[in-house]
Each structure stands twice: as C-alpha cells, then as structure tokens.
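Below: the structure, in structure tokens.
No value in this document is a laboratory result; all are computed from the given coordinates. Because the structure is a prediction, the values reported are computed rather than measured. Reconstructed Cβ throughout: ideal geometry from the backbone, glycine too, with neighbour counts over all protein chains shown.
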Amino acid sequence: MGRLLKAHGLKGAIKLELYTDSPNERFVPGAVLKLQVPETSPWFGKTVTVKELRWYNQSPVIFLEGIEDRDASEQLIRAILLIDTDADALPTEEDAWYDHQLVGLKVLRDGIEVGTITRVDHLPSQDLLTVNTASGDVFVPFVKAIVTSVDVVAGIATITPPDGLFEVNEPNDDSAKTKVGDEDAAE
C-alpha cells in the first residue's frame, strides 16, 4: 500500500509514498499493516497499526501506534506497508494486479521462458519488474509496450522487450576470447 520515506517532525510521524489509489480508506485508524523489511531488521515479521493519516502540503504523513518519537520512526524508514488480501482476488480495475500476484510469474519472450519475476518496484516514472534470468537480474519497465500480457491464473507474463534489454546481461563470446595478458602472446 505504501513505503515509509522519512521521519517527519519529532513525534513519530513518517512521510509516506503511496501505492494505493484510496489512501483515506486503506490507512484508517486501527488498520493493521504488515511490514516488508530486511530479515536483519528488528521489525522483521511484525505488524504496525495505523493511528492516523494526515496530509501536509499535499503529502501523506502517517502516525503508527507505539511510534512516539523521531528515533522510533527512523527505524522504519524504507519499510513497505502491506495488507492481507484474498490471494485469488484480482483488483477490480482492468490490467491491475497486486505485487504478490506478479512475483513468481514465469516470463515468456517469443514463447520461450526467459526468467521469473522476483520483485516489483514502484518508481516515480513507472513500475519496474525485476526478472531473474540465467544471466542475472534484468529490470523491465512495467509498461504495456513491453509487458504485453499478464495471466495470473496461468502464472505467465509475456514480454516484447526492446533489443538489448536482455542481451546486455548475456556474456559476449568475443570478450571470452581475449584475456588480460594475452596481448603479449599475440606479439
């Protein structure tokens, strides 16, 4: 539903980046939110409860129960806020999915499996899918021109990436032929 950006003031408030179109309905007092944080965080596996959502200069700021000062709020910076949803339920709008429905989908290019979606990042310009391939991670802009179809039921996302998007991670055969120190052997 959102990501915690930075501490706001001295009383535990945190600026919020929204991933939802209905923040006033999602961040109501008493709403329990899961935290997506690194396993090393003291907040790993815990939940937080919304105390209040306020707007300052058209930016959302959230207050959470038990977070009463700036030091406590700074421990949660960069945490992603999640809610429990019916795992099978799709959003009501067309061509919309929850992040957890996209993660794990097989990615097909020209009918051939090229990898698996491992993460969804929400950037200011567009969403970005991280696709794990045999050559490493590839970051795919989540736009209709590139991700042409998503079938959550079948577990498949079909892509038509521009030339070079996936090839940049593949080893170049010519580079394997020349190794450091070989220039002396060629003389």
Residues in the range 45-59, backbone N under 13 Å from the label point at residue 25 (7 Å along the Cα-to-beta-carbon vector): list them, ranges by number please.
-> none
Proximal charge balance of residue 103 [Cβ under 14 Å; K/R count +1, D/E count -1] | -2
With 10 Å bins from 0: P(r) over the range 99-169, alpha-carbon pairs, percent | 21, 62, 17, 0
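Please report Rg over Rh for the range 2-82, where both radii come from the alpha carbon positions and Rh follows the Kirkwood definition.
Numbers: Rg = 11.4 Å, Rh = 12.4 Å.
Reported Rg/Rh (Cα atoms, Kirkwood Rh): 0.92.
Report the local net charge at residue 147: Lys and Arg +1, Asp and Glu -1, summed over other residues whose C-beta lies under 10 Å from its C-beta.
Details: positive: 144; negative: 95, 127.
Net local charge, residue 147 excluded: -1.
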Summed residue charge, Cβ within 12 Å of residue 77's Cβ, Lys/Arg positive, Asp/Glu negative = +2
